[in-house]
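Since the structure comes first, as C-alpha cells, the remarks are kept for the end.
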C-alpha cells in the first residue's frame, strides 16, 4: 500500500485543480472526490451500536476493516509512492484518519464562501435548461436566494464542508492540516506547490501549470451540473464581478475563519486577514 494523504476543504475551491496538478508527478496518484469517504462513513455506521451484529467486532477488527477499505480500493496503484484521496468529509473524520494513518496529512482547499456560492450559481445559470441535482426540490431551485440558502445548510454541499473544516481547523489534529486558498493557488501556483511539497515532506517536482489535464464529464452529467469538475488547462487568475445580489455576497464573504491563525496549529497558505480597528 502506498503512503496516503488526503485532500479536503470547500467545494469549488481548487481541490480538483490541485489533484490535476499533483498527478503530473509520476510518484503520485490523485483525483476528484471518490467513493472511499462515503464507504468509510457507511462502514462506521454498520459497526455502530445501532447495528445488531456490531457486538462481534472489537476495536482492532474495526480498524482493520476500515484500513482494508483503502488497501482494496488503491491496490491498482501499488506502483505509486503516494496516494491522495479526496473527500470533503475527511475533515470531519480526522480523529479516525489519524488513528489509522498517524503520518497522514490533509491539504484543505478553501475560498471566500461568497465566491464559492458565486461559482456554483454561475454553473447553474450556464446550464439553465438542465435542473441541477445539487438541489432537492423545485422550491430550492427557484431563485438565487433559495439556491444559496439550500447550499449553506449544515448538511448540504457548502454548509457541511464549511462546518467540517472548521471542526478540524480548531481540533486537536490541526497541525496535520494545510490550508490552501484558491486565489493564491491560481495566482502563484509555482510558489504554492513548493509550499505544499514542503508540508508533505516530499521532493519538489517541476509541474507544468500551462497544461493541467483533468475532467470527469460523466460524473458531472449524472449530477446534471456539467462543468462541475472541469479544469482549465492553464492555471491562471481570471478576475470577474460576482453574480450574487449585494446582500447575499455580504452575508457570506466574512466567513473565512482560516485567515485567523489564533486557536489553530494548521499550516496556512492564505490571504492576510484584515486588522480589526479599535472601537
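The values are calculated or read from the model by the stated rules, or taken from the named source; none is laboratory data. Not measured: the values here are computed from a predicted model. We place every Cβ from the backbone using ideal geometry, glycine too, and count neighbours over all the protein chains shown.
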Sort out which residues of the range 257-279 are in contact with a helix residue (DSSP H, G or I) (Cβ under 7 Å, 6 or more places away or on another chain), at pLDDT 90 or above and in a loop (DSSP other than H, G, I, E, B), and write them in order of number. 264, 265, 266, 270
Applying the selection to the range 57-103, what residues are buried (at least 18 other Cβ atoms within 10 Å of the Cβ) and closer than 30 Å to residue 255 by Cβ? 84, 85, 86, 87, 88, 90, 91, 92, 93, 94, 97
Quick one: would you say residue 54 is surrounded by fewer than 17 Cβ atoms within 10 Å (Cβ to Cβ), part of a helix (DSSP H, G or I) and more than 20 Å from the chain's Cα centre (by Cα)? yes
Given (1) modelled with pLDDT of 95 or more; (2) outside any helix (DSSP H, G or I); (3) farther than 30 Å from residue 265 by Cα, index of the condition residue 227 fails: (1)
Being more than 16 Å from residue 192 (Cβ to Cβ) and within 14 Å of the chain's Cα centre (by Cα) is the filter here, so list the residues in the range 11-35 that pass it. 11, 12, 31, 32, 33, 34, 35
Can you list the helices (runs of 4 or more DSSP H) found entirely within the range 84-148 that contain at least 1 residues being touching a residue at least 60 places away in the same chain (Cβ under 8 Å) and out of contact with any helix residue (DSSP H, G or I) (no Cβ under 8 Å at 6 or more places or on another chain)? 94-100, 113-126
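Could you grab me the full set of residues in the range 32-50 that are touching a strand residue (DSSP E or B) at 6+ places or on another chain (Cβ under 8 Å) and either under 23 Å from residue 63 (Cβ atoms) or surrounded by fewer than 19 Cβ atoms within 10 Å (Cβ to Cβ) (or both)? Before the answer, list the steps.
Residues of the range 32-50 touching a strand residue (DSSP E or B) at 6+ places or on another chain (Cβ under 8 Å): 32-34, 36-37.
Within the range 32-50, 34, 36, 37 meet the criteria.
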